[in-house]
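Input: a single structure, listed below in structure tokens.
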Ligand code: SF4
Ligand code: SF4
């Protein structure tokens, strides 16, 4: 590799790995290093809710790293049940559960509640266990 090529590679690296605002915010809230992820997909392979997700957990990480803010519209963030399976299995020791929580926090801090209690039919409100409601409110209401 010539000196010029090496310089170009360094310059490209700087551009490619420049942290976007979203990843900085998520890292601050979660305490996790998203750039440690090497996209092996182990988190997604073990997640019990992938069938209903529009983005796989490893894709969520990729979107955040690439500063693609449309990830904030993904239903995956809300479907995540914080079961920690992914965090337990990640070979890079990345706590994806915390990352999902951080993404929810970013949305909830805008005072957007994801769950409208009054939209839950009365009949269901009477039969759903209280613990499920408390858990839902903790996660979905700012
Ligand atoms: S298991 Fe860990 S390293 Fe693998 S894709 Fe998921 S977050 Fe990235
Ligand atoms: S913590 Fe969330 S993303 Fe991870 S395995 Fe459980 S449901 Fe899936």
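Just so it is clear, none of the values below were taken in a lab; they were calculated from the coordinates. Nothing here was measured: the structure is a model prediction, and the numbers come from that model. Here the Cβ is made from the backbone with ideal geometry for all residues, glycine too, and neighbour counts use every protein chain on show.
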Subject >> Per-residue Cβ neighbour rank within 10 angstrom, fewest leading, 114, 38 >> reply: 38, 114
Subject >> Choice from 126, 32, 21 showing the highest fluctuation, given a GNM over the chain with Cα pairs closer than 10 Å >> reply: 126
Original post:
With springs only between Cα atoms under 10 Å, which of 132, 81, 45 fluctuates most in a Gaussian network model of the chain?
Top reply: 132
Original post:
Taking Cα pairs under 8 Å and at least six residues apart, what relative contact order does the chain come out at, in percent?
Top reply: 23
Subject >> Crossing angle, helix 96-108 versus the chain [Cα axis fit, 0-90 degrees, rounded to tens] >> reply: 70
Original post:
Which residue, 68, 125, 92, tops the fluctuation ranking in a GNM of the chain built on C-alpha contacts under 10 Å?
Top reply: 125
Subject >> Virtual spin-label span in nm between residue 62 and residue 84, 7 Å along Cα→Cβ >> reply: 2.8
**OP:** Please find the FRET efficiency linking residue 119 to residue 75, where r is the Cβ-Cβ separation and R0 is fixed at 22 Å, and quote it to the nearest 0.05.
**Re:** 0.85
**OP:** Binning at 10 Å from 0, report for the chain what percent of all alpha-carbon pair distances ends up in each bin.
**Re:** 11, 35, 30, 15, 6, 2, 1, 0
Original post:
With axes computed from alpha carbons, what is the tilt in degrees of helix 3-16 against the longest principal axis of the chain, rounded to the nearest 10 within 0 to 90?
Top reply: 10
